[in-house]
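Heads up: the structure comes next, in C-alpha cells.
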Amino acid sequence: MGILLGAPVWYGNRPFERSIEELYKLGFDYFEFSLDYPLPDCMDEAERKGLKGLLEEFELKIGVHSPLDIPLAHPRDELADASRTVLRRCMEFSAEFLPLSQYYNFHVNPRVSTYKLRDVREVITIRGLERCKELTRMASEFGIVVSVENDLVPFEWSDLLFGALSLLYPHLYLTFDVGHAIMAEMIYSRMKRKDGNYLDYLKRWIEKCGAKILVVHVHDCSCTGNEMQDHLSLGRGELDFDAVFELVRSTTCKYLVIETFWKNKDKMRMDYEEVRRNVELCRSYL
C-alpha cells in the first residue's frame, strides 16, 4: 500500500455529509477530522452512526486531530489534568471508528509565553514527557495509534517532542508538518538575525526523525519578505515541491494531508477546484 492522501475536516466544514462527499469525488483516501470545540461532544449517537455510514459508503478512512485548545503538557497541573479528561473523551470517539480510524494526532507544545526561556523549557519537558507517557498508555487501552505533531517551535527548542519520540517510539510516531518546520525557523532566524535555507531546515528534521514519521502535513509557504504565510495552496508560495516530496519519500510516511487553507497570499479561501489541482500535484509525486 502506498501513501494515503487526506484532507482536513473541521467543525466549520458542516454539513459534514456534503464535505465528505466532495472529498470522495476529489479522490482522497481519508480525511483528518479535527475535534475542536464543540466536537466531539456535540455529535449525538445518530450523527456518529451517520458519519461511520458515510465512511463505509465511500470506502474512506479517518484520522483524528486532537483539539488545539487542549494543553496536554501545560506546566500547571490543573490545566494538564483537565486536558487528560477531555483527551480521553476524544480518544473514545476515535476508537468508535476502528478499524477505519487510522491514527490520533496531537500537539504537545503548551504554548506558554515563557517557553523561550531555557529553564522553563527544561521543567516543561520533564512534566510533558510524563503526560505523553500517560496519553500513549491511554491510546493503547483503546487500540489507537498516536502521533505527535511538530508545532511552530524551532528545532533547537523541540526537546520535549524529541524526548517523547525517543522514549515512546514505536508506540508514538511523528506527524511532520512541513510548513511548521520552515516557518518556526524563519521566525526564529529573524529573532536571532541568522540566515537559513528552508530545505536545510527540513533535512535536519528528517535526518533526526524521518524513520519515525507516520503522517506528513504539506502546504506551501511564503517565507521571504516582510509578510510570511503558511498553509497556502501548493504552488502558490515559494517552496520547491520537487525537492520537498523527494524528502517526504525518503521517510516512513504512510499518510499525507494536504493542509491548505488559503488559495493565495491574499488569504482567499480554498475552493474545490483548487483542492483538485493540489490533489493532482500530490498524486504526481506519490
Sort out which residues of the range 214-247 are touching a helix residue (DSSP H, G or I) at 6+ places or on another chain (Cβ under 8 Å) and among the hydroxyl-bearing types (Ser, Thr, Tyr), and write them in order of number.
233
Looking at the range 58-72, which of its residues are at negative phi and at pLDDT 95 or above?
58, 60, 61, 62, 63, 64, 65, 66, 67
Of the residues 154, 170, 110, 99, which single one is farther than 13 Å from residue 66 by Cβ, exposed (fewer than 14 other Cβ atoms within 10 Å of the Cβ) and within 19 Å of the chain's Cα centre (by Cα)?
170
Residue pairs within 6 Å by beta carbon, gap of at least six or interchain, first lying in the range 7-28 and farther than 19 Å from residue 46 by Cβ and without any contact (Cβ under 8 Å) to a residue 60 or more places away in the chain, second surrounded by fewer than 17 Cβ atoms within 10 Å (Cβ to Cβ) and of a type in the set (Phe, Trp, Tyr), listed first then second, are 24/58
If we ask which residues in the range 230-264 are under 19 Å from residue 152 (Cα atoms) and surrounded by fewer than 19 Cβ atoms within 10 Å (Cβ to Cβ), their number turns out to be 2
Just checking, does the range 271-280 include any residue being modelled with pLDDT under 95, outside any loop (DSSP other than H, G, I, E, B) and polar (S, T, N, Q)?
no
Sole miss for residue 144 among (1) of a type outside the set (Gly, Ala, Ser); (2) over 23 Å from residue 186 (Cα atoms); (3) part of a helix (DSSP H, G or I) is condition (3)
Residues that are more than 25 Å from residue 127 (Cβ to Cβ) and modelled with pLDDT of 95 or more: does the range 142-149 have at least one?
yes
What are the residues in the range 76-96 that are buried (at least 19 other Cβ atoms within 10 Å of the Cβ) and either of a type in the set (A, V, I, L, M, F, W, C) or out of contact with any strand residue (DSSP E or B) (no Cβ under 7 Å at 6 or more places or on another chain) (or both), if any?
80, 83, 87, 90, 91, 93
Determine, yes or no, whether residue 116 is of a type in the set (Lys, Arg) and within 20 Å of the chain's Cα centre (by Cα).
no
Does residue 136 qualify as being under 22 Å from the mean Cα position of the chain (by Cα), within 14 Å of residue 73 (Cβ to Cβ), at pLDDT 95 or above and among the hydroxyl-bearing types (Ser, Thr, Tyr)?
yes
Only one residue in 160, 152, 174 is at pLDDT below 95 and not in a helix (DSSP H, G or I). Which one?
152
Residue identified as more than 23 Å from residue 162 (Cα to Cα), touching a residue at least 24 places away in the same chain (Cβ under 8 Å) and β-branched (Val, Ile, Thr) among 244, 248, 257, 275:
275
Pairs returned, first residue in the range 146-168 that is over 20 Å from residue 87 (Cβ atoms), second residue that is charged (D, E, K, R) and part of a strand (DSSP E or B), beta-carbon separation under 9 angstrom, 6 or more apart or interchain, are 152/177; 152/230
Of (1) without any contact (Cβ under 8 Å) to a residue 24 or more places away in the chain; (2) among the basic types (Lys, Arg); (3) crowded, with 16+ Cβ neighbours inside 10 Å, residue 61 satisfies all except one. Which?
(1)
Look at residue 127 and say whether it is part of a helix (DSSP H, G or I), more than 18 Å from the chain's Cα centre (by Cα) and either touching a residue at least 40 places away in the same chain (Cβ under 8 Å) or under 30 Å from residue 240 (Cα atoms) (or both).
yes
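The values are calculated or read from the model by the stated rules, or taken from the named source; none is laboratory data. It should be emphasised that the depicted structure is a prediction, and the values quoted were computed from it without experimental measurement. All Cβ positions, even for glycine, are placed from backbone atoms using ideal geometry, and neighbour counts span all protein chains on display.
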